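Coordinate-derived values only; no laboratory data. From a predicted model like this one, the values you see are computed outputs, not experimental measurements. Reconstructed Cβ throughout: ideal geometry from the backbone, glycine too, with neighbour counts over all protein chains shown.
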Amino acid sequence: RSLRRGAFKQPRVHCIKHHEFIAVFFHQPTFCSVCREFVWGLNKQGYKCKQCNAAIHKKCIDKIIGKCTGTAANSRDTMFQKERFKIDMPHRFKTYNYRGPTFCDHCGSLLWGLYKQGLKCEDCGMNVHSYCQTKVANLCGINQRLLAEALHQVSIVCIDNGKAVLPTPMTQIAIPSMPPRVHLTLDHLVWIKVLGKGSFGKVLLAELKGKGQYFAVKALKKDVVLMDDDVECTMVEKRVLALAWENPFLTHLYATLQSKEHLFFVMEYLNGGDLMFHIQDKGRFNTARGNACFLPSGRFHCVPVSLHRDLKLDNVMLDKDGHIKIADFGMCRENVFGESKATTFCGTPDYIAPEILLGLKYTFSVDWWSFGVLVYEMLIGQSPFQGDDEEELFEAIRTEFPHYPRWISKEAKSLLEQLFERDPCRRLGVIGKIREHPFFKSINWTALERREVEPPFRPKVKSASDYSNFDREFLSEKPRLSHGDKNLIESMDQNAFAGFSFVNPKLMTLIRK
């Protein structure tokens, strides 16, 4: 039986000088090992190396000079750098009794104890824990921040008769935007029901006050977004949905707004529920009903060069007429084309493609694998790969083959076998035209894209505000926003979410009415 499982994403690793930095929320006072300044609070979130535990500000990541002692102390590359720059100044550490609170200049945390709390370098005065001594780079007496700034000046490129020009900065494609004529606020919305819930926050049913218009509002907690280093992912989701307004197979975004504690995506309300709800209710779909739900999959890469990376039953929604729309682009990755590939380990366990599990670079092939899992669940009523825990599940995905019941059609089996091809370069969707597969032989694709095909399954919907097609465990909760620690909220850097707010012209029209 198919069950709801949340998606996850491994922390993004920033590889600098062989360090493996990941974003960390420091729960205790910590100091940056580069600039020696305080790093604490949501607005001063920093990085910590997985190998040597060095703590730094995000702003100081490009000022790292010393290579990570945990991964490359004796590598040929390290030896080359030592010869090239002659940066090999060992510290002379000795046990020291500190009379007042002192912090480690490497990991940034407090030196605990009443006496002999740590080690102090006799030459440069660096203070470290005894367990940090072997992880400290040989940079005695060297100010990493100042040296990094000096090296940056040296890196200025000289061309055209000695004229100095800075290297051209990377640019990003920005969505043209104009200041909204109507300012949408939470005062415009009335919360009605909780439709879904996760570690990210909640999805609530809301009414546009006095207008009789209903929306599904995804509310993200800002502190969670910052602590998980997901600010850019949230911005990507907003950009993808804003660009995809005209696509009939994607959930439409009406607005994004923010409060001091939350980010809000105001989406169209699809009161037919998601496929997971209907699979759990019906067990499995017959081929006719399944076909109607599979069809938009041929267009789920509707936003150019974007990966979804979390295609699953929970994220395929039905409108009141039974038409399908893809939702939740929180795992989306932009600009995947040519040699540009993704590397992040993310997704929902049952749907993760083998190339992700193997740590390979990947592209659209992972979405076609997830689509295969979705098709299997809809036709057979259970997941194709089983395991008592994630380790067993991932092993099954890498090595085992799904079981196909006798009653399944040969066309459906052929489709699934080609989607479960473990070589991503040979997987259906990556090669071949999935629309031409015999499983879809009865489909008029042109009529489908014009929404002229009558869905064989229509959910029971009584009104525009009907929420009967959503899980009761969520509907029973009070429709209200949860609040975090006030001190943490006050410490947040609200500038991190600059440019998030957006209002679609169609919503402006609704508000004016």
Provide the FRET efficiency to the nearest 0.05 for the Leu357-Ala447 pair, computing r from the beta carbons and using R0 = 60 Å. 0.95
With 0.36 nm assigned to each residue of separation and the Cα-Cα distance removed, Asp123 to Glu454 gains 111.2 nm
Please state the equivalent ellipsoid semi-axes for the stretch 387-432: what are the square roots of 5 times the Cα gyration tensor eigenvalues, largest first, in whole Å? 21, 17, 6
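Could you tell me the calculated FRET efficiency between Lys410 and Trp245, based on Cβ-Cβ distance and R0 = 45 angstrom, to the nearest 0.05?
It comes to 0.65.
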In nm, the gap between the two label points placed 7 Å beyond Cα toward Cβ at Ile431 and Thr343 is 2.7 nm
Förster-model FRET efficiency, 51 Å R0, Arg99 and Lys462, C-beta, rounded to 0.05: 0.10
What ranking do 259-269, 16-26 get when scored by the average of other Cβ atoms within 10 Å per residue, highest first? 259-269, 16-26
Give a residue-ordered list of calculated ³J(HN,Hα) values for the stretch 399-416 (Karplus: 6.51 cos²θ - 1.76 cosθ + 1.60, θ = phi - 60°; whole Hz; x for Gly, Pro). 10, 9, 10, x, 8, 10, x, 5, 6, 6, 5, 5, 5, 5, 5, 4, 4, 5
Taking a 21 Å limit on the Cα-Cα distance, which of the listed pairs Lys410/Lys441; Lys325/Lys460; Lys211/Lys238; Lys202/Lys478; Lys222/Lys506 fall beyond it? Lys211/Lys238; Lys222/Lys506
Using bins 10 angstrom wide from zero, how does P(r) for the stretch 275-449 break down, in % of all Cα pairs? 9, 40, 39, 12, 0
Would you pull out the residues with amide H under 5 Å of Lys197's amide H, same chain only if 5 or more places away, H placed 1.01 Å from N? Val203
Could you run the Karplus curve 6.51 cos²θ - 1.76 cosθ + 1.60 with θ = phi - 60° over the stretch 270-283 and give me ³J(HN,Hα) per residue in whole Hz, x for Gly and Pro? 9, 7, x, x, 9, 5, 4, 4, 6, 5, 5, 7, 9, x
Taking only the alpha-carbon atoms of the stretch 215-292, what semi-axes of the equivalent ellipsoid follow from 5 times the gyration tensor eigenvalues under a square root, in whole Å, largest first? 30, 16, 12
Which length gain, in nm to one decimal place, applies between Gln494 and Gln28 when the Cα-Cα distance is subtracted from 0.36 nm times their residue separation? 165.6 nm
Full-extension gain in nm, Gln386 to Ile16, via 0.36 nm per residue minus C-alpha separation: 129.4 nm
How big is the stretch 382-513 by the Kirkwood estimate over distinct Cα pairs, in Å? 21.7 Å
